[in-house]
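Working notes, structure below.
The values are calculated or read from the model by the stated rules, or taken from the named source; none is laboratory data. On a predicted model such as this, the values are computed, not experimentally measured, just so you know. FYI the Cβ positions are ideal-geometry reconstructions off the backbone, even for glycines, and counts take in every protein chain you see.
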Amino acid sequence: MNQTFAALRQGTVRRTTGTLKATVHTSLTSTQTMLFSSETKSKKNPYSHTIKLPKTDFPLRANAAVREKQYRERCTDKLYEWQLKNNHGPQFILHDGPPYANGDLHIGHFMNKVLKDIINRYQVMQGKRVVYKPGFDGHGLPIEQKALETLKDRDSLDPMEIRKLARKFALKAVAKQTKSFKDYAIMGEWKQPYLTLDPEYEANQLQIFKTMVSKGFIYRQNKPVYWSPSSRTALAEAELEYNEQHKSTSVYVKMPLTTDSVAKLGAAGKVSALIWTTTPWTLPANKAIAVHPDLLYVLVKVTQQMPGNSKTECQLLVGKDRLEAVAALLPEGSNIQILKTFSGDKLKDLRYTSAISGEECRILLANYVTGDSGTGLVHSAPGHGQEDYEFGLENGIDIYSPVDDY
């Protein structure tokens, strides 16, 4: 061995076309050359069996692209089937709220499914038989809108064609989402998920609805909903987008009290309840005025300075806490004089004439009224808005809305 390295040291090195080549003296013997042959490498160490080192079935290289798929199937599909057959504890069912089949998944879907998977796997470890049937919602406006985006001429389709297009789009989305969920290693019955667009599922829904009707759980009644004029359909609150820069146009409106109601207040002449609203387009549907039973209200005489040194006078019913804010709206030189003070409960059932419709309506009590804005008297249109709707139901008021699709 030493002779070999000595021979190498005696060799000369020269540069040929950019490559270093070693010229070794031919003094190397055939025996010395055998030191570098494969024959020597292939010989086993006769002492290897005497060394007790640990052995493992794991490969030396991770090869993640291959190994991950093997372990994923073992820990998801096979584990799900195994625990159904071998776990003898009580059954545990996790009902899956289906995601919309309208596109790719996002981080919210990931978090939802991973949390459910943690729960299911914990129950498996407790010896329970876990039943987890994933689902996909194939109905609704988001899917229709996504499907229609693929077309140039949307208006030419009839409803049946739109449904066929939406169904085709939804099934493609289901396939993509299923693959993603399986890539997340979510354990479940992925071979047979439930689809809301399946005819069998739809038939079961109709059967349940029929049962609810027969038991009197279903009734027909008007109710305000969020509406899309362009799509001509109701919207969920989650589908709304608010313009943070929007400024509402507000108005102050006088609602004249009836003669009998003026007399009940111990007043004389004409008296109007002053309301304030940021939705003036709902005034035709006004059905009541709401006041808080514990707030104080004042009857005031307003002398308003007009152009040309003329003056007008009127009597208004206003929340005491809002009197200063209302006075600030009057022209310079105007005057407000408090005539009487009442608690809100004293105003209950006074009647007034609605400014737009001319209908005789009532003043009613409501705890949601505050003295922080407006006049302390709230215009109520039960056909416009959830709060007014509930207020109308409580007080037996007609749920009226003159707004149609157009």
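List of remarks:
- The single condition among (1) closer than 20 Å to PRO199 by Cβ; (2) under 24 Å from the mean Cα position of the chain (by Cα) that GLU161 does not meet is (2).
- Subset of region 54-89 that is outside any loop (DSSP other than H, G, I, E, B) and among the hydrophobic types (A, V, I, L, M, F, W, C) - its residue that is surrounded by the most Cβ atoms within 10 Å (Cβ to Cβ): LEU79
- For region 245-271, the candidate set comprises residues that are more than 22 Å from SER380 (Cα to Cα), of a type in the set (Gly, Ala, Ser) and touching a residue at least 24 places away in the same chain (Cβ under 8 Å); within that set, the residue that is surrounded by the most Cβ atoms within 10 Å (Cβ to Cβ) is ALA267.
- Output for region 154-203, where each listed residue is under 18 Å from ASN102 (Cα atoms), out of contact with any Asp or Glu (no Cβ under 9 Å at 6 or more places or on another chain) and not hydrophobic (A, V, I, L, M, F, W, C): ARG154, GLU161, LYS164, ARG167, LYS168, LYS172, THR178, LYS179, ASP198
- Number of positions in region 315-348 that are in a helix (DSSP H, G or I), among the basic types (Lys, Arg) and in contact with a Leu (Cβ under 8 Å, 6 or more places away or on another chain): 1
- Any hit, region 298-309, residues being surrounded by 11 or more Cβ atoms within 10 Å (Cβ to Cβ), outside the structural domain of GLY383 (by TED's automatic domain parsing) and free of Cβ contacts under 8 Å to residues at least 40 places away in the same chain: no
- Some residue of region 182-196 being under 23 Å from LEU115 (Cα atoms), out of contact with any strand residue (DSSP E or B) (no Cβ under 8 Å at 6 or more places or on another chain), part of a helix (DSSP H, G or I) and not β-branched (Val, Ile, Thr): yes
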